[in-house]
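For reference, the structure is listed below as structure tokens.
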Amino acid sequence: MTTATMMDVPLTIDLVVERAERWNGAVEVVSRRPDKSLHRTTYKVICERARRLARSLVQLGIGRGDKVATLMWNHAEHLECYFGIPLAGGVTHTLNLRLHPDEIAFIAGDAHDRFLIVDEVLLPLYDKIVAAGARFEKVFVVGKHGVHDNYEDLVAGGNDKTALPSLAESDALGTCYTSGTTGKPKGVIYTHRSTILHTLVAALPDSLQLSRSDTLLPVVPMFHVNAWGLPFVSALVGTKLVFPGPHLDPPSLLDLLSSEKVTVSAGVPTIWLGIREALDGNPNKWPLQPGLRMIVGGSAAPEQLIRDFDRLGLTLLHAWGMTETSPIGTVSRLPPHLEAADEATRYRLRAKQGVPTPLVDVRVRNWQGDVPADDKTNGELLVRGPWVAARYANNETPERWTKDGWFRTGDVARVDEHGFIQLTDRVADMIKSGGEWICSQEIENALMGHPAVREAAVIGVPHPKWSERPLAVVVFKPDATAELGQLRDFLAAKFPKFWLPDAVEVVEAIPRTSAGKFKKTELREIFKDRYARATDD
Ligand code: AMP
């Protein structure tokens, strides 16, 4: 019997905080305030304040596993909470401020949040969630605090003599709720260990690739799966952080991207659509760093968008993940042997969701077993790995996990000869027409390549003859339009005839969830009678 001889250092958040303070201490963290002024600080100051915050929380009775909620935009104080709450042994619960107040109140109650730290500009929302039944033992405000306690006093109250608890890597560090497009939101609780491992792998050159030579602007909110884990990665490796605060309109983002010489950013496709339009309308206004990388996920990145940014000398990097996967699951980067492939192949691959990151395992399975790597056969994407949830906080929907230990993502995918995963739909959004399945996401991604189309969602609508038929809901680009026949011709080369939408509805905007995804449940409700009297062949 051989006994290993290595140190058993727990993978806990203090490793990141110590690294950020000691070795990246001078690196800047910039935050845009609600009044648009820029606040500048460093990792050193943030880590010192986070430790004081932790001590103060311990003094107020926060102990192991106690939840402290945040209702905040992206800024330095939120990062202090990311560190300070778990250093106290607590669990950071980032509340999604885009949800309905009733839903936020439900989530805060479900999680048993004890304290809340809230931005002054979000106090009107706080009042609504209290009116909806949320209760917190203490409320601290970043900014003018009025009747509530002041976040600055909370930080200042930390006494150096107060001991911080020793942390175990299996302790809870933070919690996020699923966006709940179907059913009630469910809690996912990350451990210190899952967060540290996710942080390390996200930083790798073939993952999200962050280093101390970078400056990162996370547009993705810190309340949405920890801004995809990027603040932890930045602190660990020494990336300068630029937080946009509440100003997420394209000109405000472009001002910051340009003035702070940002080299990496991250957000959902809608953000990049807006940025592309602003750049097209004003090509010389914002000098950006050549090769600026923009990580895109949360919804599929349309191939056309990737092409458009290349034309501008900027790179979109497509990644897939979920709240349940911390979130990074797959990243789409061309392997060296495919860099010389023809243009169409390269863009097709980059628009796919890609291959799993190290330590994550995926498979695509249908009722016949694992699907062949033929780029044709669809199945459900299953995932497992050290930062994938093993259950929900209240053990809801245990059927989402297979008996052999995989998480069922609810995403429909297929695999090509290179092992690249392509998402073709959500299981719940697939359309069954005359007994045959149609993948709605595939059609909408193709439609978004039409020169007149800004955005397109495809939904299944009840049909008297075929049970369901696809309907395209389209937003045209300004001053552009196309007839149903032209859109069908455009799609006809790519899809079987029965996949082509029978009708197009033109709208001004497609309804979206709080996380920027198309709200197809709402579209299906609006257009449920669209084919009620259809008698076509
Ligand atoms: P959330 O838990 O809110 O982050 O949502 C996760 C879901 O977003 C996934 O299950 C996918 O359906 C969708 N999603 C995330 N990234 C992508 C992507 N790159 N392409 C298509 N869908 C995505």
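Computed from the coordinates by the stated procedures, all read-outs in this text should not be read as laboratory data. Quantities reported herein were computed from a predicted structural model and do not represent experimental measurements. Note that we place each Cβ from the backbone using ideal geometry, even for glycine, and neighbour counts take in every protein chain shown.
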Taking amide H positions as placed in the peptide plane 1.01 Å from N, state which residues far from residue 142 in sequence (5 or more) or on other chains have amide H under 5 Å from it.
118, 119, 120, 151
Restricting region 25-110 to trypsin sites (Lys or Arg not before Pro) in coil, as DSSP defines it, with at most 15 other Cβ within 10 Å
36, 64
In whole Hz, the Karplus estimates of ³J(HN,Hα) for region 66-83 (6.51, -1.76, 1.60; θ = phi - 60°; x where Gly or Pro) are 6, 9, 10, 8, 10, 10, 8, 7, 7, 6, 4, 5, 5, 5, 4, 5, 3, 8
Within straight-line cross-link reach of residue 144, aspartates and glutamates at Cα separation under 20 Å, skipping those fewer than 8 residues along the same chain:
35, 77, 80, 119, 120, 127, 152, 153
Among bridges DSSP assigns within the chain, what percent are antiparallel (round to 5)?
55 percent
How high is the relative contact order of the chain? Use alpha-carbon pairs under 8 Å, at least six apart in sequence, and give a whole percent.
10 percent
If the only charges are +1 at each Lys and Arg Cβ and -1 at each Asp and Glu Cβ, what is the size of the charge dipole of region 157-211 around the Cα centre, to the nearest 20 debye?
260 debye
Give a quick list of trypsin sites (Lys or Arg not before Pro) in region 219-294 that DSSP marks as loop, anything other than H, G, I, E or B, with at most 16 other Cβ atoms within 10 Å.
261, 285
If we sort 497-508, 189-200, 458-469 on the protection proxy, mean other Cβ atoms within 10 Å, highest first, what's the order?
189-200, 458-469, 497-508
Under 5 Å between amide hydrogens, which residues at least 5 positions from residue 469 or on another chain qualify, with H placed 1.01 Å from N in the peptide plane?
461, 463
Nearest-5 percent of antiparallel DSSP beta bridges in region 27-164?
25 percent
For region 5-88, which chymotrypsin sites (Phe, Trp or Tyr not before Pro) are in a loop by DSSP, counting at most 16 other Cβ atoms within 10 Å?
23
Quick note, region 430-526: a/c under 1.5 would make it rounded; otherwise a/b > b/c is prolate and the rest oblate (a ≥ b ≥ c, C-alpha gyration tensor); here it is oblate
Considering only the other residues whose Cβ falls under 14 Å of the Cβ of residue 211, what net charge follows from Lys and Arg at +1 and Asp and Glu at -1?
+2
Quick one: net charge around residue 515, please, counting Lys, Arg +1 and Asp, Glu -1 for every other residue with C-beta under 14 Å from its C-beta.
+4
Show me, bin by bin at 20 Å from 0, the whole-percent P(r) of the chain based on Cα pairs.
21, 55, 22, 2
Charges only on Cβ, +1 for Lys and Arg, -1 for Asp and Glu: so what's the dipole of the chain about the Cα centre, in debye to the nearest 20?
480 debye
Charge dipole of region 430-526 built from unit charges on the beta carbon (Lys, Arg +1; Asp, Glu -1), centred at mean Cα; most positive-end Cα among 464, 435, 475 is 435
Among 358, 410, 420, whose Cα sits farthest toward the positive end of the charge dipole of region 322-471 (+1 at Cβ of Lys/Arg, -1 at Cβ of Asp/Glu, about the Cα centre)?
410
Pairs over 31 Å Cα to Cα, from 240/517; 44/352; 44/128; 477/528, come to 44/352; 44/128
Would you list, by chain and number, the lysines whose Cα falls below 21 Å from the Cα of residue 403, excluding same-chain residues fewer than 8 positions away?
186
Could you pull out every residue, at least 5 positions away or on a different chain, whose amide H is within less than 5 Å of the one on residue 191? Hs are placed 1.01 Å off N in the peptide plane, and Pro or chain starts have none.
173
Hey, what did region 385-487 get for relative contact order, percent, Cα under 8 Å, at least 6 apart?
17 percent
